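Have a look at the structure below, then the notes.
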Protein chains: 2
Amino acid sequence: MSRSQSLNLKSGQVDLTHGGGGRAMAQLIDQLFIKHFDNDLLNRRNDQALFNVPAGRLAISTDGHVISPLFFPGGDIGSLAVHGTLNDVAMSGAKPLYLAAAFILEEGLPLADLERIVASMAAAANKAGVPIVTGDTKVVERGKADGVFITTTGVGLVPDGVEISGDRAAAGCAVLLSGSIGDHGVSIMASRENLQFETSIVSDSAALHGMVADLVAAAPNAIRCLRDPTRGGLAAVLNELAGQSGVGIVIDEARIPVKAQVKAACEILGLDPLYVANEGKLVCICDADAAETLLAAMRRHPLGGDAAIIGEVVADPHRFVQMTTAFGGRRIVDWPVGEQLPRIC
Amino acid sequence: MSRSQSLNLKSGQVDLTHGGGGRAMAQLIDQLFIKHFDNDLLNRRNDQALFNVPAGRLAISTDGHVISPLFFPGGDIGSLAVHGTLNDVAMSGAKPLYLAAAFILEEGLPLADLERIVASMAAAANKAGVPIVTGDTKVVERGKADGVFITTTGVGLVPDGVEISGDRAAAGCAVLLSGSIGDHGVSIMASRENLQFETSIVSDSAALHGMVADLVAAAPNAIRCLRDPTRGGLAAVLNELAGQSGVGIVIDEARIPVKAQVKAACEILGLDPLYVANEGKLVCICDADAAETLLAAMRRHPLGGDAAIIGEVVADPHRFVQMTTAFGGRRIVDWPVGEQLPRIC
């Protein structure tokens, strides 16, 4: 459009016209979203994207992202919004194909912050090999949101023969964890202005579909459940899986990888690492005879160097998650109650 | 879970624990979302849903919904969130298959309001025959959102041979409109507390994929562009299509259906109906020789009784949308500038 002006990406702010469906919104789409996300499907500028699929099973997952602060050590809301949804798609065993992104912006958000976030999303999507092919932008008045919320939705293709679901754990299965826990939640706590303390902890936010593809290649029929321990941490995910499958789970505290500085920070903050969110880890429940094969596949992957077999599935009508402690006792790892860390993802 | 309590759906409120990944969130999912959305895919309680597709073309679309007020004549944010995304999927010619829904809730939202919204979504999805198969819930602190925002994402299957895209309009094509304009926007304005005036106008919020299926059946190869004139109204959509296709469009004011009470309300409010949002109308650009066939198909559909051929596509390097006025003159229908009606969808 010859009559359109440029967005002021240096010192401009989001205003209500950017969500109004008119010229300002078209500028925002052209000069910010299409500029960074740049791909053939998005560039057609329709209200939907079309893509070809082979006959088969697709996975779809959606996640809203409301993390505060928007920028944190190891990432930002943009990269997190890509990783979070890619991981939820991948936890079915699927290879993610495409992403959609819906932005809810607060009036007054600096356009420079929005561009930094969008560029970060684009980089994360490019690195993952999964384009953002359609989207939406809404703007609400100052004080009616908190900077920016991003909801991403992903679709992926599940390989034939793979049957991964939270209700497939059975007594005797092994429980694997792909790496150390608590990094994301502690890094967010550390970056919140009222909780600044010395730490080198960065979020583990990362896309796990590459690791999942390696696991599926290593033992496609042996993987029963995959889930990423985000909100509520490892404790929530193990309780979810035990509940869905109608089994108990026993884990061994000594085998759960926790970085020394995360452990120290948790002690200072009064947090239990079992309940702290992660954004680049997965739990895998598998047939016991494939556990070593899958552990080796995890450890070969750059994100799985600290992977461990942390426990096993047992018969238990109470569906309890229990932990053998470092002192030899056993305690129940209950569902998270209350909310230690709001706005963590 | 024997130890879980019931949600207090009568007088309870959303609090931060409902987004925390623990027991309260599991209760919210079980006792509210799964209760109302109830379908086999959702009920598996995984973080993604799997479904089978034939080989072919899929459409994906996503839309955030931030409408204020949450409840309005003719609908609410729940039904709107279903219709809005179904329509964006359908505007590719696709038959919608599945929906995903991501909720961002403000602490303090009455659970009774949330249940009313979720029940309304479920009713709209059931009526449309498109289940909500996966979802997500986040909660932010009081004052960091505005009650509830809902982002829905839909996938659909595009019939073979259908090629509908905003860049396919060509000189000589006819421009059809499926019914009267302005109803949604005016009903929202009327329901906002500071603009209460006597009116019987209700939102036209409705799912259009049934009408689209009828159009595709009537003349599958003749439909060039479909788009629903939501934010920015008919004026924005015609300018978008003219811009994408590199053509001009000339419409005839006398042929554009506007209800008398909508016209009157627009005069009082200083609004131009061309720029007011709709949520149950579509614009169809088609080969001229199929225009009467498609018009007849629209009019046979319950949502298309007032459909009309409102203009034609012309060659125009400036990509102008022009309107022949009731007085015989011709004026440019420009892009919306500024924002008359924030939070309209």
Net +/- balance of residues flanking residue B:284 in space, Cβ distance below 9 Å, scoring K and R +1, D and E -1 | +2
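Over 32 Å between Cα atoms: which of A:35/A:259; A:10/A:263; A:138/B:259; A:138/A:259; A:95/B:95; B:95/B:138 fall into that group?
Details: A:35/A:259 39 Å; A:10/A:263 40 Å; A:138/B:259 28 Å; A:138/A:259 40 Å; A:95/B:95 24 Å; B:95/B:138 30 Å.
Pairs exceeding the cut-off: A:35/A:259; A:10/A:263; A:138/A:259.
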If every Lys and Arg gets +1 and every Asp and Glu gets -1 at its Cβ, then about the Cα centre segment B:1-73 yields a dipole, in debye to the nearest 20, of 160
Put A:259, A:35 in order of accessible area, largest first, probe 1.4 Å, and you get A:35, A:259
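If you place +1 on the Cβ of every Lys and Arg and -1 on the Cβ of every Asp and Glu, how big does the dipole about the Cα centre of segment B:300-345 come out, in debye to the nearest 20?
40
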Label-to-label distance, nm, for residues given as residue A:168 and residue B:272 (7 Å Cα→Cβ offset) | 5.8
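From other protein chains only, count the Cβ atoms within 10 Å of every residue's Cβ in A:331-342, then give the mean.
Numbers: counts 0, 0, 0, 3, 9, 8, 5, 7, 11, 3, 3, 11.
Going residue by residue through A:331-342 and averaging, the value is 5.
Where does each of A:68, A:11 land when they are ordered by accessible area, with a 1.4 Å probe and the largest first?
Numbers: A:68 35, A:11 90 Å².
Greatest to least solvent exposure: A:11, A:68.
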Which parts of segment A:112-152 would a label at residue A:71 reach, counting a residue when its backbone N lies under 17 Å from a point 7 Å out along Cα-to-Cβ?
-> A:112-124, A:147-149
In nm, give the distance between the simple-model label positions of residue A:260 and residue B:254, each being 7 Å from the Cα along the Cα-to-Cβ direction.
-> 8.7
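Can you tally the net charge around residue B:113? Count Lys and Arg as +1, Asp and Glu as -1, for every other residue whose Cβ sits under 15 Å from the Cβ of residue B:113. Provide the component values of the computation, followed by the final result.
Details: positive: B:10, B:116, B:142; negative: B:15, B:76, B:106, B:107, B:115, B:146.
Taking every Cβ under 15 Å from that of residue B:113, the sum is -3.
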Lys/Arg Cβ at +1, Asp/Glu Cβ at -1, dipole of chain A taken about the Cα centre: which of A:283, A:154, A:293 is farthest positive-ward?
-> A:154
Amide H contacts of residue B:20 (H built 1.01 Å from N, under 5 Å, at least 5 apart or other chain) = B:25
Report, for residue B:71, each distance to the same residue's label point in the other copies, shortest first and in nm; define the point 7 Å along Cα→Cβ.
-> 4.3
Accessible surface of chain A, 1.4 Å probe, proportion on carbon and sulfur as whole % | 49
Accessible surface buried upon A-B contact (total; probe 1.4 Å; Å², nearest 100) = 6500
Cα convex hull volume per residue for the protein assembly as shown (Å³) | 142
Among B:246, A:191, A:13, the residue whose Cα sits farthest towards the positive end of the charge dipole of the protein assembly as shown, when +1 is placed on the Cβ of each Lys and Arg and -1 on the Cβ of each Asp and Glu, is B:246
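Calculate the mean, over all residues of peptide B:133-145, of how many other protein chain Cβ atoms lie within 10 angstrom of the residue's Cβ.
Numbers: counts 3, 7, 4, 12, 3, 12, 4, 8, 5, 0, 3, 11, 8.
Going residue by residue through B:133-145 and averaging, the value is 6.
Averaging the inverse of every distinct alpha carbon separation and then flipping it gives the Kirkwood radius. What is it for chain A, in angstrom units?
On the way: mean 1/r = 0.0474 Å⁻¹.
21.1 Å is the Kirkwood radius here.
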Calculated FRET efficiency for the pair residue A:324/residue B:160, C-beta based, R₀ 51 Å, to 0.05 | 0.30
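Treating only the Cβ of Lys, Arg, Asp and Glu as charged (+1, +1, -1, -1), what charge dipole size does segment B:174-332 show about its Cα centre? Round to the nearest 20 debye. Working shown, then result.
On the way: 13 positive and 18 negative charges, 25 e Å.
It comes to approximately 120 debye.
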Could you tell me the accessible area of residue B:339 in Å² (1.4 Å probe, neighbours in place), rounded to the nearest ten?
-> 60
Which value, in Å² and to the nearest 10, is the accessible area of residue A:173 when all protein chains are kept and the probe is 1.4 Å?
-> 10
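Would you mind telling me the antiparallel percentage of the DSSP bridges in segment A:98-164, rounded to 5?
Once the DSSP bridges in segment A:98-164 are tallied, antiparallel ones form about 50 percent.
Compute the whole-percent fraction of alpha carbon pairs in segment A:174-332 spaced more than 25 Å apart. Display every interim value, and only then the final one.
Values: 3584 of 12561 pairs.
Here the long-distance tail beyond 25 Å is 29 percent of all Cα pairs in segment A:174-332.
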Between residue B:112 and residue A:332, the FRET efficiency computed from the C-beta separation at R0 = 30 Å comes out, to the nearest 0.05, as 0.30
Most mobile of A:301, A:65, A:318 per a Gaussian network model of chain A (Cα springs, under 10 Å)?
-> A:318
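Looking at chain B, what % of its DSSP beta bridges pair antiparallel, to the nearest 5?
On the way: 41 of 53 bridges.
Among the beta bridges of chain B, antiparallel pairing accounts for roughly 75 percent.
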Helix-only mean residue ellipticity at 222 nm for chain A, each DSSP H run of n ≥ 4 adding -39500 (n - 2.57), per residue, nearest 500 = -8000 deg cm²/dmol
Once Lys and Arg get +1 and Asp and Glu get -1 on their Cβ, which of A:55, B:83, B:103 lies farthest toward the positive end of the dipole of the protein assembly as shown?
-> A:55
Quick note, segment A:1-79: a/c under 1.5 would make it rounded; otherwise a/b > b/c is prolate and the rest oblate (a ≥ b ≥ c, C-alpha gyration tensor); here it is oblate
Quote the FRET efficiency, to the nearest 0.05, computed for residue A:43 versus residue B:316 with a Förster distance R0 of 22 Å and r equal to the Cβ-Cβ distance.
-> 0.45
At a probe size of 1.4 Å, how large is the accessible area of residue B:92, to the nearest 10 Å²?
-> 0
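In segment A:20-166, what % of DSSP beta bridges are antiparallel (nearest 5)? Kindly include the intermediate steps, with their values, before the conclusion.
On the way: 21 of 29 bridges.
In segment A:20-166, approximately 70 percent of DSSP beta bridges are antiparallel ones.
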Express the accessible area of the protein assembly as shown per residue in Å², computed with a 1.4 Å probe while the remaining protein chains stay in the model.
-> 35
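The values are calculated or read from the model by the stated rules, or taken from the named source; none is laboratory data. Please read all numbers here as calculations on a predicted model, not as lab measurements. With ideal geometry, Cβ positions are generated from the backbone for all residues, glycine too; neighbour counts draw on all protein chains shown. Side chains are part of the model used for accessible areas, which takes the heavy atoms of the whole protein and leaves out ligands, DNA and RNA. Shrake-Rupley method; radii C 1.70, N 1.55, O 1.52, S 1.80 Å.
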